[in-house]
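One structure below.
None of the figures in this text is laboratory data; all of them are computed from the coordinates on show. Here the structure is a predicted model, which means the values were calculated and not measured. Heads up, the Cβs are rebuilt from the backbone with ideal geometry, glycines too, and the neighbour counts pull from every protein chain shown.
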Amino acid sequence: MVTKMGHKENVEILRKELKKQGRIYTPERELLIRVINSMKGKYTLQEFYKKARKRNAIHAKTTIYRNISIFVKAGFIKEKTLPNNRKIYETNHKAFSPK
């Protein structure tokens, strides 16, 4: 479980998770951490994409789909599968320090 911490520590968790998964760190992924922290309540990937796009954190929708599992495994996002097999997400705000 991730404890409350600052952005620097969040980036370190992200880097470790990326290394475990054999992926590389990118500034775009770091920007997505900030977007995730700003999300309130439950949301879909489409809503996450719209917010990330509005904040100029990403340019392509595929970026969200390729990276969501990284953020779930790192503890930044909780994922829930609905009865219709659709997924819904919620930010694990315990993983972030207060603004």
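Quick notes on this structure:
- Taken over the stretch 66-99, the residue count meeting the criterion of being of a type in the set (D, E, K, R) and part of a strand (DSSP E or B) is 5.
- Conditions (1) touching a Lys or Arg at 6+ places or on another chain (Cβ under 6 Å); (2) assigned to a loop (DSSP other than H, G, I, E, B); (3) β-branched (Val, Ile, Thr): number failed by residue 35: (2)
- Members of the stretch 45-65 that are assigned to a loop (DSSP other than H, G, I, E, B) and either surrounded by 13 or more Cβ atoms within 10 Å (Cβ to Cβ) or not hydrophobic (A, V, I, L, M, F, W, C) (or both): 55, 56, 57, 58, 59
A quick yes/no check of all residues on (1) in contact with an Asp or Glu (Cβ under 9 Å, 6 or more places away or on another chain); (2) over 21 Å from residue 94 (Cβ atoms):
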| residue | (1), (2) |
| --- | --- |
| 7 | yes, no |
| 12 | no, no |
| 25 | no, yes |
| 29 | no, no |
| 38 | no, no |
| 43 | yes, no |
| 50 | no, yes |
| 53 | no, yes |
| 60 | no, yes |
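- Picking from residues in the stretch 32-44 that are buried (at least 17 other Cβ atoms within 10 Å of the Cβ) and in contact with a strand residue (DSSP E or B) (Cβ under 9 Å, 6 or more places away or on another chain), the one that is nearest to residue 66 (Cα to Cα) is 36.
- Residue check for residue 96: of a type outside the set (A, V, I, L, M) and in contact with a strand residue (DSSP E or B) (Cβ under 7 Å, 6 or more places away or on another chain): no
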